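Read through the structure below, which is laid out as structure tokens, and then see the notes.
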Amino acid sequence: MASRPLRTRVNGTALERTVPDERILLDLLREDLRLTGTKRGCDLGTCGCCTVLLDGRPTLSCLTLARSAEGREVTTIEGVTPAEGLHPVQRAFVERGATQCGFCTPGFILTSVALLRDHPHPSREEVARAISGNLCRCTGYTKIIEAVLAVGGGK
Amino acid sequence: MASEASPYRLLGTRIPYIEGPLKVSGRAEYTDDLTRPNLLVGRLLRSPWPHARLRSIDVSAARKMPGVAAVLTGEKYPTTFGVLPITHDETALAVGKTRYIGDILAAVAASDELSAERALAAIQVDAEVLPEYSDPHVGLGAVAEPIHSRGLNGSNIQKEVHQHFGDVDAAFAEAAHTVRVRGTFAGVTHAFTEPLVTMAEATPDGRLTVWSATQVPHYLHRALSEVLGIPLHRIRVLKPEVGGGFGGKSDPLPHEIVCAALALETGRPVKMLLDREDVFLTNHGRHPTQNDLRVAADAEGHLLAYDLSAVIDGGAWSSFGTVTTYYNGVLAMGPYRVPNFRYHGRRVYTTKPPSGAMRAHGGTNVRYTIETALDELAEKLGMSPFELRMKNALPPNSTTITQFRITSTSFLACLKAARERSGFDEKFRKLPYGRGIGLGCGFYISGSNSPIHFTPKMPQCTVHLKADMDGGIAVHCMQADIGQGSNTLLAAIVAEVLGVQLERVHVVPVDSDVSPVDIGSYSSRVTFMMGNAARQASERLLALLLAAAHELTGYPAKQLRVREERYEVAHRPEVGVSYLEALHKAMEHSGALQASGAYTSPPMGGTHKGARAGTAPAYSFAAYVAEASVDAETGFFAVEKVWAAFDCGRPLNRLAVEGQIEGSIHMGLGQFMGESMNYRGSRLLNPSLLEYKIPTPQQMPEVEVLLVGADDPEGPFGAKEAGEGPLVAILPAVGNALYDAVGVRFYDLPVTPDKVWKGIERRRAEGTPWKGT
Ligand code: FES
Ligand code: FES
């Protein structure tokens, strides 16, 4: 397959590079750009660990061609994290014990950031639905939901 | 709840994980996040046959392919290994035979993935297909082609256990009531989110360095040394952050050894990341099991005897299987007094992915059967399920008939809390048809008393501390944080004892070059054993600091007390020195301060065969109530709420303990309501996270955690385990709640809606209404 130039933005920075057509977005991020905060849990679209935001929408980067990011904005966990301190969602995850092994956590945070942007005060059901594409094997989701609700002003 | 007011500054509060900020920012480093210059990609060729004799493996074409650095087959490393020294029956790659679909036949290291895959495709394997044995019952007798030569009398039995304590037959003869329950349990697997992954590098100084997603770095270290023939001190094992384990990263695994072998072969670093299907095939999950339990009780409901047997499907290897076989019996010995006990357990090799240790190993399936039987017994007796359990509860400072030493137990407090908070008595058999409430209980070992590898004379855990002039305290220990929060607890214990701020304490990532041995995260041993070792090390360091404070203040050390960052005279608090002043004074004599602490569990247990299995320095206890609703038309059911009363002694980090309980409930519910390793013959049909059904956030009930434990006399600051015991009680609590809802018993797991619907229909057809319906 052919390689062609890809023009996209990753975490607010313009990126231009030649990328093979079949290159997967997750590989571009992890292998080429060394943005290893995006995790590879299954490579099959079944765990949500590879979730990134594509123009703000949660997207499974393991099922997405890098090419799909052409002219769009990719946000990874590195892009959510402020230069100093943590994003409120990140802080809530730490303080409320919503991260245990942490492998699922970047995916959950990106999903939650997108949810809270569109629904600043979600209900418990809305949070549960929003995160249902992300697998966590450690927490039983209890504290993840609590953390997201806390940021949204619920409890 | 009890012990809410903590005498400790940090311990007993809600302590966020110290590495939390790294995890939430994607900066925590897991093995696959690491790289090395000139890195090769390792790939495995797996057996397509469940059972076959290998005639030849031709790798000559593969070796010549572009980008290929090495191709490896089994004969180079024929040394057997396994997690238990008594049952070494694995090889890194198949030698002579393949024993399940997924056994490793060959391995390739290449410059990139595609070259590695092409090389695998070019390997020619000639094999003679042998009979497959997917049903453990077939392997109970002699078979044409035993899977292993070590099977008993030409069968596929890996381990057989006969135990008899007291006189079970006499007990049944005098029993007023008996109950018999048989249960069949599908295999389940850990499904941690981080796939199995290892990176290895052999360097010209003759050393081998291995980074791996492991929960027991020390056993990996030993297996590498044994199989590769390299002395332990020439191998360096590092454990980066690990994305969950639940038992599935506790055996030394073949791909870890193969990855290291490829590094030796090539002289270059090699990384081997298993894909999700390979992770399912590596398995080592909970054993598919069939239990048969008879319970005898007197007219008042005192338990007289258990007569128990189990057939356990081991898959292709031994793994922890000898322990599993014992555990399936002896973990029936709590939380009740059972004066007579007989057990016959058989673990049988099959040509399927190996079973092993999974969270609440050996204690989960038998617990479901027991608690279901007790629910039936209570009904026969016309007694509340709570009354029956209270009547039979093991008291503190007692001994089971299997010679387990029960020291602390707050089981009665668990029962009381769960009963009251759930309003059980107002709801039991009184909720409308389709709604039900149920009780399930359990107990679990708080650290296996028997270290797998050494004589009890060597400590199970050692902790080293170093305090230097910067005021930071480095903590070294090979304990493996796999997400359960042991790094945080380790730091908190050190900070608590020394009186310093938590951020002064730095837990150095596991590195066998500097971390003193701890035998890892399994058997719920870390809080208890590491906690005690850390406490001892910290107290020894504190003694050095207090001696310096004595020099500075003139007051004897025993009159000094520890305050935050300060040591002051108890009766003259205005006289004191800061932590840093004391530290720098102490350093005048020795430079950086060092201290070491260790833990060895005390002698315990009987002298009968297998007496060590199930002995632990303490046990956790649980009483869970679940409320569930059932849609009688479809069989779909939902668990609405769980009241989880748990005795982990004193909870040292409430946030972490709650997290363990909530996560355990989720995992236990998964096994109850749908998780199942499905096979056609020996072929695993659902090796993906899509087809292996883990409960969604919407299926997760509200959980009310009730921590009611009293201090354990030997646990660190009174603590016991909270990592595995919280799992076992949820399954029977839900099963018994479904019975209360629709009057149907479910003995076999998982319980899927079709089974519920069939049960309801059967009951209707029999014309036996339940709660008026
Ligand atoms: S890695 Fe993309 S969904 Fe699992
Ligand atoms: S914290 Fe481990 S998978 Fe979510």
Item to complete: Take the eigenvalues of the Cα gyration tensor for segment B:131-235, scale each by 5, and report the square roots as semi-axes in whole Å, largest first.
Response: 44, 21, 17
Worksheet item: In whole Å, what is the distance between the alpha-carbon centres of segment B:538-553 and segment B:417-476?
Response: 34
Worksheet item: If the cut-off is a Cα-Cα distance under 20 Å, which aspartates and glutamates reach B:K457, setting aside same-chain residues fewer than 8 apart in sequence?
Response: B:D518, B:E714
Worksheet item: Counting pairs of alpha carbon atoms under 8 Å apart in space and at least six apart in sequence, what relative contact order in percent does chain A give?
Response: 23
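What translational diffusion coefficient, in µm²/s and rounded to a whole number, does the Stokes-Einstein relation yield for segment A:3-78 at 37 °C and a viscosity of 0.692 mPa s, taking the hydrodynamic radius as the Kirkwood radius over Cα pairs?
On the way: Rh = 12.0 Å.
Here the translational diffusion coefficient equals 274 µm²/s.
Can you give the alpha-carbon Rg of segment A:88-152 over 2.2 N^0.38 Å, where N counts its residues?
Details: Rg = 10.1 Å, N = 65, 2.2 N^0.38 = 10.7 Å.
In units of the 2.2 N^0.38 Å rule of thumb, it is 0.94.
For segment B:1-96, what number results from the quotient of the Cα radius of gyration and 2.2 N^0.38 Å?
Values: Rg = 24.1 Å, N = 96, 2.2 N^0.38 = 12.5 Å.
Cα Rg divided by the expected 2.2 N^0.38 Å: 1.93.
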Item to complete: Quick one: which residues, 5+ away or cross-chain, put their amide H under 5 Å from the amide H of B:L45? H built at 1.01 Å from N.
Response: B:L105, B:A106, B:A107, B:V108
Discussion item. Per q in 0.12, 0.17 Å⁻¹, report the Debye log10 I(q)/I(0) for segment B:290-367, using one uniform scatterer on each alpha carbon and no solvent.
Written reply: -0.36, -0.65
Fill in: DSSP bridge pairs, segment B:304-445: antiparallel proportion in percent, nearest 5
25
Discussion item. I'd like the distance between the alpha-carbon centres of segment A:1-71 and segment B:229-254, rounded to an integer number of Å.
Written reply: 31
Practice prompt. Please give every one of the lysines within straight-line cross-link reach of B:K76, meaning a C-alpha to C-alpha distance under 27 Å, and leave out same-chain neighbours fewer than 8 residues apart.
Written response: B:K64, B:K97, B:K239, B:K249, B:K271, B:K352
Fill in: Segments B:423-433, B:383-393 sorted - mean Cβ within 10 Å per residue, highest first
B:383-393, B:423-433
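If you restrict to DSSP beta bridges whose two residues both lie in chain B, what percentage is antiparallel, to the nearest 5? Could the numbers behind the result be given before it?
Values: 104 of 133 bridges.
Given both bridge residues lie in chain B, the antiparallel proportion sits at roughly 80 percent.
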Worksheet entry | Over chain A, equivalent-ellipsoid semi-axes from the Cα gyration tensor in Å | 28, 15, 13
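Mean Kyte-Doolittle of at least 1.0 plus a Cα span of 30 Å or more along the axis: flag which DSSP H helices in chain B meet both, please. Display every interim value, and only then the final one.
Working: long enough: B:531-553 (31 Å, 0.32).
Helices meeting the criterion: none.
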Worksheet entry | Shielding of A:108-114 by partner chains, average beta-carbon count, 10 Å | 1
Worksheet item: Residue-wise, which Karplus ³J(HN,Hα) couplings in Hz belong to segment B:170-176, taking 6.51 cos²θ - 1.76 cosθ + 1.60, θ = phi - 60°, and x for glycine or proline?
Response: 4, 4, 5, 5, 9, 5, 7
Item to complete: Return a whole-number percent for the relative contact order of chain B, with Cα pairs under 8 Å and 6 or more residues apart as the contact set.
Response: 16
Response to the item:
Taking chain B, the equivalent ellipsoid from its C-alpha gyration tensor has semi-axes in Å, biggest first, of 41, 39, 23
Item to complete: Based on the mean of other Cβ atoms within 10 Å per residue, sort peptides A:22-31, B:551-560, B:617-626 so the most packed one is first.
Response: B:617-626, A:22-31, B:551-560
Practice prompt. Have a look at the protein assembly as shown and give its Rg and Dmax from the Cα atoms, expressed in angstrom.
Written response: 27.7, 87
Worksheet item: Based on the mean of other beta carbon atoms within 10 Å per residue, what is the order of A:92-105, B:204-217, most packed first?
Response: A:92-105, B:204-217
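Considering only DSSP beta bridges where both residues belong to the protein assembly as shown, give the percentage that are antiparallel (nearest 5). Kindly include the intermediate steps, with their values, before the conclusion.
Working: 119 of 150 bridges.
Around 80 percent of the beta bridges assigned by DSSP in the protein assembly as shown are antiparallel ones.
Per DSSP H run of at least 4 residues, take -39500 (n - 2.57); add these up for the protein assembly as shown, divide by its residues and hand me the 222 nm value, nearest 500 deg cm²/dmol. Could you put the intermediate results ahead of the total?
Working: 24 runs with 251 residues, N = 928.
My calculation for the protein assembly as shown gives -8000 deg cm²/dmol from helical runs alone.
Across peptide B:14-23, what mean number of C-beta atoms from other chains lies inside 10 Å of a residue's C-beta? Let's see the in-between values first.
Values: counts 3, 1, 8, 6, 1, 3, 13, 8, 5, 15.
That works out to 6 on average.
Relative contact order of segment A:88-152, please, whole-number percent, based on alpha carbon pairs below 8 angstrom and at least 6 residues apart.
Working: 66 pairs, mean separation 34.2, N = 65.
RCO, segment A:88-152: 53 percent.
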Worksheet entry | Hydrodynamic radius by Kirkwood, which averages 1/r over all alpha carbon pairs of segment B:525-595, in angstrom | 12.6
Worksheet item: Can you list the residues, at least 5 places off or on another chain, whose amide H is less than 5 Å from the amide H of B:K97, using H built in the peptide plane?
Response: B:L54
Item to complete: Express in whole angstrom the spacing between the alpha-carbon centres of segment B:341-356 and segment B:555-593.
Response: 57
Item to complete: Evaluate peptide B:242-248: per residue, the Cβ atoms of other protein chains within 10 Å of its Cβ; return the mean as an integer.
Response: 4
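Read the figures in this text as sums done on the coordinates, not as results from a lab. Computed from a predicted structure; not experimentally measured. No Cβ is skipped: glycine too gets one built from the backbone with ideal geometry, and neighbour counts run over all protein chains shown.
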